[in-house]
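Participant: My questions will all concern the structure given below.
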Amino acid sequence: MAIHVKEFHDTNKENIAEMIEWLSSFGKTTNEGVTRLLYSKAWCEAQSALKNKMKAIGLDAYFDCVGNLFGRLQGTDEDHAVILTGSHIDTVIDGGKYDGAYGIVASLLAVSRLYASFGKPQKTIEVVSFCEEEGSRFPLTFWGSRNITGMYDMGHIRGLVDANGISFIDAMKEAGFGTEKFIQPIRSDIARFIEVHIEQGMELERNQNAVGIVTHIVGQRRYNIRIKGESNHAGTTPMTLRKDAVVTASKLISFLTEKAESIDSQLVATVGKIEAQPNVPNVVAGEVEFSLDIRHHKQHVLDEYCMSVFSYFEEVAKANDLIIDWKQWMNVKPVAMDAVMQSKIKALAEQKQISFQDIVSGAGHDAQVFASTLPTNLIFVPSKGGISHNPQEFTSSEDLEVGVKLLTDVLYQLAYE
Ligand code: HGY
Ligand code: MN
Ligand code: MN
């Protein structure tokens, strides 16, 4: 089937790399990273600057009441459901310039090129800047996309506070959201979602492919684990009489790490955050709290791993007369991307001589929230050295531009043909 691909003249003076630099200026850290946490000052400034950018392109820009930002290019067929494209505006603490931001900027550029080259589409396209995906400020992820799909509402944030004790609801109100001033977030008029994102791994670079067409996104489970032992004097408490929460934590962390390595080579388990109390050198730690992030693209592997880890935790607690409890605060199932569209994207890539491969996403994405309810696709561009969630995160402007070009072709096919 001959693919109908039209050349687009790029009317944008700005290019993708300049736009990435511009967006990364909101929340820039001292070591060239980016910290843009939900409802923070940098977040507010970035969202309002993007709204102006959307208006400048000629899109109808608007917020919903949780702070998702949309730029709408109305189609001539008013009744057809919306083709949604975009990514998240929030970042991890001291993260990179591209995670999330690239997907938003690439979608803006693609839509502005299409509008400049072909005018109004048949089907409405909306560019979205999701308010939050990472779970970096509050212990809750996908706040933006899960509100749009109706998986979350205001009830899910009750009692949540950030590291400074600021409540989720107060932070939202402080940023001007959470009020009837804006439309409700839940949507039933979306036909499909497509996201471009940096790979955040090193497969594309290693295989020298320009894009990754994602087949599945891994399932993810995140926990907070708390160990309650007994604080005591470091000098006068014999080793055999201690209830040392740090020693216990080290046992649990060694077990869960070895178990992950032995159970399946593609399973990953990460303890990224750990706090000891009272956290002073001459006191046996009475309490330790640590995070656990577990990922795999098969549900039964996640189930098997969690079962063995938590039964081990129970054994250790019993044998050492300690309290070990855990709270799951994230549970996202592994999902498959839309296979029909995957093959169309491959055909477009071939047509444009863009090297591509299938790829499983080890990172979580808003695309996995939509994939459980509507046809969804995710396209990766390479990350230099596979580095991400780090100020060193980098993708060349050539690689960024390939992703924009492919997204433009895909949106043309979806909304103009
Ligand atoms: O943690 C992740 O997988 C994503 O970057 N939020
Ligand atoms: Mn991320
Ligand atoms: Mn991301």
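The values are calculated or read from the model by the stated rules, or taken from the named source; none is laboratory data. As the structure is a prediction and not an experimental result, all values here were calculated from the model. Cβ atoms come from the backbone with ideal geometry, glycine included; neighbour counts cover every protein chain shown. What goes into the accessible areas is simple: the full protein's heavy atoms, side chains included, and nothing from ligands, DNA or RNA. Shrake-Rupley method; radii C 1.70, N 1.55, O 1.52, S 1.80 Å.
Participant: Express the Stokes-Einstein translational diffusion coefficient of the range 219-332 in µm² s⁻¹, to the nearest whole number, given a Kirkwood radius over alpha-carbon pairs, 20 °C and a viscosity of 1.002 mPa s. Could you put the intermediate results ahead of the total?
Facilitator: Details: Rh = 14.7 Å.
Value of D from the Cα-based Kirkwood radius: 146 µm²/s.
Participant: Which length gain, in nm to one decimal place, applies between GLU289 and ASP264 when the Cα-Cα distance is subtracted from 0.36 nm times their residue separation? If you can, show how the numbers build up before the last one.
Facilitator: Details: separation 25, 0.36 × 25 = 9.00 nm, distance 2.63 nm.
Extra length from GLU289 to ASP264 when fully extended: 6.4 nm.
Participant: What list of ³J(HN,Hα) values in whole Hz, one per residue of the range 302-315 in order, does the Karplus curve 6.51 cos²θ - 1.76 cosθ + 1.60 (θ = phi - 60°) give from phi, with Gly and Pro shown as x?
Facilitator: 4, 4, 4, 5, 5, 4, 5, 5, 6, 6, 5, 4, 4, 4
Participant: Which residue, GLN74, ILE274, GLN351, has the largest displacement toward the positive end of the dipole of the chain when charges sit on each Cβ (Lys, Arg +1; Asp, Glu -1)?
Facilitator: So the residue we want is GLN74.
Participant: For ASN282 and ASP325, compute 0.36 nm times the residue count separating them, minus their Cα-Cα distance, and round to one decimal in nm. Please list the in-between numbers first.
Facilitator: Details: separation 43, 0.36 × 43 = 15.48 nm, distance 2.57 nm.
Going from the current span to full extension adds 12.9 nm.
Participant: Now a separate question. Work out the length of the dipole vector of the range 274-347 about its Cα centre, built from +1 on the beta-carbon of each Lys and Arg and -1 on the beta-carbon of each Asp and Glu, and round it to the nearest 20 debye.
Facilitator: On the way: 7 positive and 11 negative charges, 138 e Å.
Computed about the Cα centre, the dipole is about 660 debye.
Participant: Among the lysines, which fall within straight-line cross-link reach of LYS384, defined as a Cα-Cα distance under 25 Å, with same-chain neighbours fewer than 8 residues apart omitted?
Facilitator: Counting by Cα, and skipping residues close in sequence, LYS384 has these lysines nearby: LYS28, LYS97, LYS346, LYS352, LYS405.
Participant: What number comes out for the charge environment of ALA81, summing +1 per Lys or Arg and -1 per Asp or Glu over other residues with Cβ under 12 Å away? Before the final figure, lay out the partial values.
Facilitator: Details: positive: LYS123, ARG187, ARG192; negative: ASP77, GLU78, ASP79, GLU126, ASP189.
With Lys, Arg at +1 and Asp, Glu at -1, the neighbours total -2.
Participant: Further question: How big is the charge dipole of the chain about its Cα centre, in debye rounded to the nearest 20, if each Lys and Arg gets +1 on its Cβ and each Asp and Glu gets -1 on its Cβ? Mind dumping the intermediate values first?
Facilitator: On the way: 40 positive and 54 negative charges, 68 e Å.
That gives a dipole near 320 debye.
Participant: While we're here: Using the Kirkwood radius built from alpha carbon pairs, what does the Stokes-Einstein equation give as D for the range 267-374 at 37 °C and 0.692 mPa s, in µm² per second? If you can, show how the numbers build up before the last one.
Facilitator: Numbers: Rh = 17.8 Å.
Roughly 184 µm²/s, to the nearest whole number.
Participant: So what is the relative contact order for the chain, in percent, with contacts set as C-alpha pairs under 8 Å and at least six apart? Could you put the intermediate results ahead of the total?
Facilitator: On the way: 901 pairs, mean separation 93.8, N = 417.
This gives 22 percent for the chain.
Participant: Something else now. Nearest 20 debye, what's the magnitude of the dipole of the range 219-332 about its Cα centre given +1 on Lys and Arg Cβ and -1 on Asp and Glu Cβ?
Facilitator: Values: 13 positive and 15 negative charges, 37 e Å.
Computed about the Cα centre, the dipole is about 180 debye.
Participant: Per-residue HN-Hα couplings for the range 239-250, Karplus 6.51 cos²θ - 1.76 cosθ + 1.60 at θ = phi - 60°, whole Hz, x for Gly and Pro?
Facilitator: Ordered by residue, 3J(HN,Hα) equals 4, 6, 10, 9, 10, 7, 5, 6, 4, 5, 4, 5 Hz.
Participant: Given bins 5 angstrom wide, list per bin the percent of all Cα-Cα distances in the range 134-279, short to long.
Facilitator: Percent of Cα pairs in each bin: 1, 6, 10, 13, 12, 14, 13, 12, 8, 5, 3, 2, 1, 0.
Participant: So what are the radius of gyration and Dmax for the Cα set of the range 107-178, in Å?
Facilitator: 16.6, 50
Participant: Based on alpha-carbon positions alone, could you give the equivalent ellipsoid semi-axes of the range 61-157 from the gyration tensor, as √(5λ), descending, whole Å?
Facilitator: 27, 17, 8
Participant: Continuing with the same structure: Got a sec to turn the phi values of the range 96-104 into Karplus ³J(HN,Hα) couplings, 6.51 cos²θ - 1.76 cosθ + 1.60 with θ = phi - 60°, whole Hz, x for Gly and Pro?
Facilitator: Each residue's phi maps through the Karplus curve to give x, 7, 9, 4, x, 4, 4, x, 6 Hz.
Participant: Okay, next question. What nm value, rounded to one decimal, do you get for the distance between ILE93 and SER254 when each label is placed 7 Å out toward the C-beta?
Facilitator: 2.8
Participant: Expressed as a whole number of Å, what is the distance separating the alpha-carbon centroids of the range 208-265 and the range 58-125?
Facilitator: 39
Participant: Across bins of 10 angstrom width beginning at 0, how are the C-alpha pair distances of the chain distributed, in whole percent?
Facilitator: Calculated over all Cα pairs of the chain, the distribution is 5, 21, 30, 24, 12, 6, 2, 0, 0 percent.
Participant: Continuing with this model, one more query. May I ask for the distance between the Cα centers of the range 358-417 and the range 128-164, given as a whole number of Å?
Facilitator: 22
Participant: Using the charge dipole of the chain (Lys, Arg: +1 at Cβ; Asp, Glu: -1 at Cβ; taken about the Cα centre), state which of ALA61, ILE225, VAL309 has its Cα farthest towards the positive end.
Facilitator: The residue sitting farthest along the positive end of the dipole is ALA61.
Participant: Follow-up question, since we're still on this one. Arrange the residues THR29, THR236 by how much accessible surface each exposes, largest first, with a 1.4 angstrom probe.
Facilitator: Numbers: THR29 30, THR236 100 Å².
Of THR29, THR236, the descending order of accessible area is THR236, THR29.
Participant: Counting helices only, and only those DSSP H runs with n ≥ 4, report the 222 nm mean residue ellipticity of the chain as the sum of -39,500 (n - 2.57) divided by its residues, in deg cm²/dmol to the nearest 500.
Facilitator: Details: 11 runs with 140 residues, N = 417.
Result for the chain: -10500 deg cm²/dmol, rounded to the nearest 500.
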